[in-house]
Structure formats: C-alpha cells, structure tokens
Amino acid sequence: MTDRALAVVRAGALTTVQDRGRPGHAHLGVPRSGALDGPAAALANRLAGNPPDAAVLETTLDGCSLRPRSTVTVAVTGAPCPVTVDGRPAAWGAPVRVRAGSVLDVGAAVRGVRAYVAVSGGIAVEPVLGSRSTDLLSGLGPAPLTDGAVLPLGPPREGRARVDVAPQPAPPEELVLRVTPGPRDDWFTPDAVRLLTSRAYHVSPASNRIGLRTTGPALERARRDELPSEGMVLGAVQVPPDGTPVVFLADHPTTGGYPVIAVVHPVDLPAAAQARPGTPVRFVAVRRRRLSGG
Amino acid sequence: MRVLPVGEDALLLEVSSGEEAQALHAELLRRRAEGSLPVREIVPAARTVLLDGLSDPSRPAAELASLALPPAPPQARETVEIPVRYDGPDLADVAAHWGICVREAARVHADTEFRVAFCGFAPGFGYLTGLPARYDVPRRTTPRTAVPAGSVALAGPYTGVYPRSSPGGWQLIGTTDLVLWDHARVPAALLSPGTRVRFVPVAATGPAG
C-alpha cells in the first residue's frame, strides 16, 4: 500500500466521496450525483491546493476522523464544526497541515448539515463514468465510508494554495427557495400553487441526498390520472401522492411519474443541502429569466 | 407538440404518443450531433423528451414549437440480442392474461421486435416497446422486495430487464445471463434509447447449483 492514503478512524453517520458528479448520462438512468453543497466543496479544494474537480469527503451532521499516511494539507468547509489534529484545535475553513500518522477529527456540525473535507491530492478512488461520487440512489461509485477503510490519495499539486481564508455563507435559519412554476403546475388546483408559495413548510427529517423532503400543507391535484414517466431535473419540486413537496437534490432519479409543480433555482440548492430538519422553508415564485412563461 | 419550460435552463417537449417521442428523440440527437442543439442532457421518456442544460432555452423553444416530426423514428443502428429462458414465476399469469398457453406466450414475446423507448429506474434499465397494445399487463398487486438481476419482466406496454437485484412490481417472465450494465465496460449500458432488441429463447438448463 502506498503512503498516499487516508485511513478512516471514524466514518461518521454518513460520509461519502463526492466531486462534481457525472452529468451527461441521464438518458441511461444514471443520476448526476456530486457534492450537494458545490460551492463549499469547491472552496475546500481551493484551500487544500486541489483542482476544482478533485474528490472530497462529504460528512453528515457528525463529521468523521481520518489518519493520513503521509503529510497532507486538508481544509474543512461547509457546515461549521470543531476541527482538531491529535486533539488540538485546528482551523475550520482554512488550510491545515496534518502530519503523517496524526488524526484529523472533523467534529459534529454546530450549524448546517454537511461538512466538506478536502485533502491535498484529492481522494483517488477509481472513477465510474468519469466521476468518483457516491450515488446513493443507484449505488454507483464508492460505498459510503466505514471505520477502518483506507482511501487512496492522488499526487498533490506543486506549490501552495493561493487562498488561505475565504468567506462562507452561514447555514440558513430559514431556507428561501426561489422557484419558477411548472412544468406540471396545471396538474394542481390554482390553490395549490398559491399554497406552495405563501405557506410555511419545514425540512423533514426524511431528507437525504436524493431529495429535500418537507412537511407542511398538502398540495391538491386537479387531476387524478397517472402522469407517464418523464425526465426530471435538479431542483424539481415533485409532489408525491401525500401532497407534500420534495425538492430533488443531486442523487435524484432521472425520470419520475409524479408531477413537478415548480423548479428551484440551482443557486439556492447549496443552502438546501445545509438546512437541518425543522428549518422553515419558504418557496418564493420568481419570474423566469429568459422565457416569457409557458 | 407542447414546449414546457422547466426552471431556467431546461425544456420539456411533450408529444401525444410513444412513437412520436421516439421520433422526436432521434431528431434531437441528430441536431445535437450536427452541432445545432448545444445541450447537456437529452432524456426521452414515455410521451416527452427533456432537454436539460440549455445555454439559452428561448431559441430551441421557438424552433421546436413548429417542428414537423418525421412519421416514424429512423431504423436503429444496432440490434442487441438478449438470450432468455422463459422460466419466470409470473409467466403463467401473463399467459392467462393474454388468453394463450405458456409456450405460446413465450413465442409471442420472442417474435416481437423491441426498441428501447427510454431508460430510467436504475442505470441500464430500458423501457422496451414493441408488443401490441392487447398484450399490456398490469403490475403485480404486491411488488417483490427483491427481483433477481437478469429478470425479464413486463408492466403496462413495457418489457424490461433488471440490471441488478432490486425491489420491483413487474411481472417476471424469464431470465437472462447477459450483463445489461457494467460500469467498467464501454459502453456501460447495453441498452440505450433507440436500441433495437430481440429476445432469443435458449433452453432452460435446470435450476442452478
């Protein structure tokens, strides 16, 4: 085993390998996958001196612990959390040197949900269809981390990172999701579209990388027939039979048979990745930028 | 054709039949290949084709609204032959639903030329059309918690082959040893939208093991 590797001391509740995902294969039923909070993952890579397409670790709520077998630069971004090296406090959101054999601990998120851990050289598991991302819907890519696993690291880039600190958005107290109506808003009562954009929803604990589930007023359909399966996009607000909206995140299915009442602007999705269960969600209807509307 | 905007950079094109959707899909692939339709994903489905990742959806929206479709999709480039043992646990139910005997049901299926209308559900799972409408079958009332990989199955107008073990409510009529999806292979998926498919009966070899 090469010393360019990382031993997993504590895998945490759900820690996965993520990069920018595998778009371009939706017609084969392959989800795009990739880091849910893309800007946080990209920042972690910049701080660790990695190219933007390097694979990082995405943790869920309670972090993880890692022991690199060679000296590396790491950076932890996304959900704010305590970071220690061999028990001594280290910086969050900045490059941290971790010597060979030392233990980096990424603690439980103080706010937000997902922390991103970039390691110089990137996580170098074998790519699948051009991406190292773990896709929890279809099972493509590496399995979620387990205690004792060893992950290969790529060769570090020459030279030092050009950034050493950068501002990051705070995880949201209230999640505001801008939506454009459609494509299937006509499958719902006019009241339903008004409800969606005027009433308070909350993030459901059943949320995951596939979708941000919500609790709140059920949206009533105007038609009862079955919608033939159709292609789904990132940010689609799909309404299953129970009437509560689900916002599709990176591991969403490529086709689906429940009507999509609206689509969330992609710029608002990283905040959705950091919204804890119980966070209030407000859907705000906005005018489509280029199109004049259906 | 209806052109439905989807968010900021996608369009859902809706037509009135599966045949039209396949013809539209072929036409969109042609346009992308010749460079006149820059788009990240072209995702066909039952009655629609999704264009996702358009840099400017307004131009294709205007162009496509007036598109006259060719009457039928062009001939597929290739035919994939899937060896199948017609030994599925639901074959007798399907045959009864069709009002014919089991042997005849297998023959009807094997004599049909299929085409992959679209993919979804799992990587490499194709929704194959080709059986006449009178052979539509309902889904099972109780889905199975685990359908074995390689199961050849029917639901509604579609035939599908499970690329890996998963829960499923389709009627299982047979089994194939062909590996439909292998991410280490190029291409990973044997079936992609537009592929022609024939099922070739092979003799059952008896229970494995």
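The values are calculated or read from the model by the stated rules, or taken from the named source; none is laboratory data. What you see is a predicted model, and the numbers here were worked out from it, not measured in a lab. All Cβ positions, glycine included, derive from the backbone under ideal geometry; neighbour counts span all protein chains shown.
Tell me which residues, restricted to region A:228-245, are crowded, with 23+ Cβ neighbours inside 10 Å, touching a Ser or Thr at 6+ places or on another chain (Cβ under 7 Å) and more than 12 Å from chain B (Cβ to nearest Cβ).
A:P245
Need the failing condition index for A:V264 against (1) free of Cβ contacts under 8 Å to residues at least 40 places away in the same chain; (2) facing chain B (nearest Cβ under 8 Å), just the number.
Single failed check for A:V264: (1).
Name the one entry in B:T145, B:T141 that is assigned to a strand (DSSP E or B) and at pLDDT below 95.
Values: B:T141 fails: assigned to a strand (DSSP E or B).
The unique qualifying residue is B:T145.
Going through region B:10-21 one residue at a time, which ones are within 9 Å of chain A (Cβ to nearest Cβ) and at pLDDT below 95?
B:G18, the sole residue that qualifies.
Considering (1) of a type in the set (D, E, K, R); (2) under 14 Å from the mean Cα position of the chain (by Cα); (3) within 24 Å of B:P123 (Cα to Cα), say which one A:E230 fails and leave the rest.
Of the numbered conditions (1) of a type in the set (D, E, K, R); (2) under 14 Å from the mean Cα position of the chain (by Cα); (3) within 24 Å of B:P123 (Cα to Cα), the odd one out for A:E230 is (2).
Based on this model, can you work out whether A:A271 counts as away from every other protein chain (no Cβ under 14 Å), over 26 Å from A:P39 (Cα atoms) and in contact with a strand residue (DSSP E or B) (Cβ under 7 Å, 6 or more places away or on another chain)?
Judged against the criteria, A:A271 is not a match.
Looking at region B:20-44, I want the residues that are under 16 Å from A:G24 (Cβ atoms) and have a partner that is assigned to a helix (DSSP H, G or I) and polar (S, T, N, Q) with Cβ atoms under 8 Å, at least 6 apart or on another chain. Which pairs are those?
B:P44/B:Q22
Among the residues of region B:159-169, is any surrounded by 14 or more Cβ atoms within 10 Å (Cβ to Cβ), outside any loop (DSSP other than H, G, I, E, B) and modelled with pLDDT under 95?
yes
Would you check if B:A45 is closer than 30 Å to B:R144 by Cα, crowded, with 20+ Cβ neighbours inside 10 Å and in contact with a Pro (Cβ under 9 Å, 6 or more places away or on another chain)?
Working: closer than 30 Å to B:R144 by Cα: yes; crowded, with 20+ Cβ neighbours inside 10 Å: yes; in contact with a Pro (Cβ under 9 Å, 6 or more places away or on another chain): yes.
Against the criterion (closer than 30 Å to B:R144 by Cα, crowded, with 20+ Cβ neighbours inside 10 Å and in contact with a Pro (Cβ under 9 Å, 6 or more places away or on another chain)), B:A45 qualifies.
State yes or no: is A:S65 assigned to a strand (DSSP E or B) and either within 14 Å of chain B (Cβ to nearest Cβ) or touching an Asp or Glu at 6+ places or on another chain (Cβ under 9 Å) (or both)?
yes
Run down B:A68, B:A61 and say which single residue is surrounded by fewer than 22 Cβ atoms within 10 Å (Cβ to Cβ), away from every other protein chain (no Cβ under 14 Å) and of a type outside the set (S, T, Y).
That would be B:A68, the only listed residue that is surrounded by fewer than 22 Cβ atoms within 10 Å (Cβ to Cβ), away from every other protein chain (no Cβ under 14 Å) and of a type outside the set (S, T, Y).
Could you tell me how many of the residues in region B:103-139 are surrounded by fewer than 17 Cβ atoms within 10 Å (Cβ to Cβ) and more than 14 Å from every other protein chain (Cβ to nearest Cβ)?
Residues that pass the stated criteria total 10.
Filter region A:202-227 down to the residues that are of a type in the set (A, V, I, L, M, F, W, C) and in a strand (DSSP E or B), then identify the one that is surrounded by the fewest Cβ atoms within 10 Å (Cβ to Cβ).
Here is the first cut: in region A:202-227, the ones of a type in the set (A, V, I, L, M, F, W, C) are A:203, A:206, A:210, A:212, A:218-219, A:222, A:227.
Of the ones still in play, those that are also in a strand (DSSP E or B) are A:203, A:212.
On the way: A:V203: 22, A:L212: 28.
So the residue we want is A:V203.
Just for region A:41-52: of the residues that are touching a residue at least 60 places away in the same chain (Cβ under 8 Å) and surrounded by fewer than 24 Cβ atoms within 10 Å (Cβ to Cβ), which one is nearest to the chain's Cα centre (by Cα)?
Ranking the qualifying residues of region A:41-52, first place goes to A:L43.
Please indicate, with yes or no, whether at least one residue in region A:239-251 is farther than 22 Å from A:V267 by Cα and assigned to a strand (DSSP E or B).
No, every residue in region A:239-251 fails to be farther than 22 Å from A:V267 by Cα and assigned to a strand (DSSP E or B).
For A:E58, are the conditions met, namely being crowded, with 24+ Cβ neighbours inside 10 Å and within 30 Å of A:A26 (Cβ to Cβ)? Reasoning before the result, please.
Details: crowded, with 24+ Cβ neighbours inside 10 Å: yes; within 30 Å of A:A26 (Cβ to Cβ): yes.
Here the answer is yes, as A:E58 does meet what is asked.
Among the numbered conditions (1) polar (S, T, N, Q); (2) more than 25 Å from B:D9 (Cβ to Cβ); (3) touching a Lys or Arg at 6+ places or on another chain (Cβ under 7 Å), tell me where A:S133 comes up short.
(2)
Taking the condition surrounded by fewer than 16 Cβ atoms within 10 Å (Cβ to Cβ) and either among the aromatic types (F, W, Y) or under 24 Å from B:E104 (Cβ atoms) (or both), does B:V202 pass? Steps first, please.
On the way: surrounded by fewer than 16 Cβ atoms within 10 Å (Cβ to Cβ): yes; either among the aromatic types (F, W, Y) or under 24 Å from B:E104 (Cβ atoms) (or both): yes.
So B:V202 fits the description; yes.
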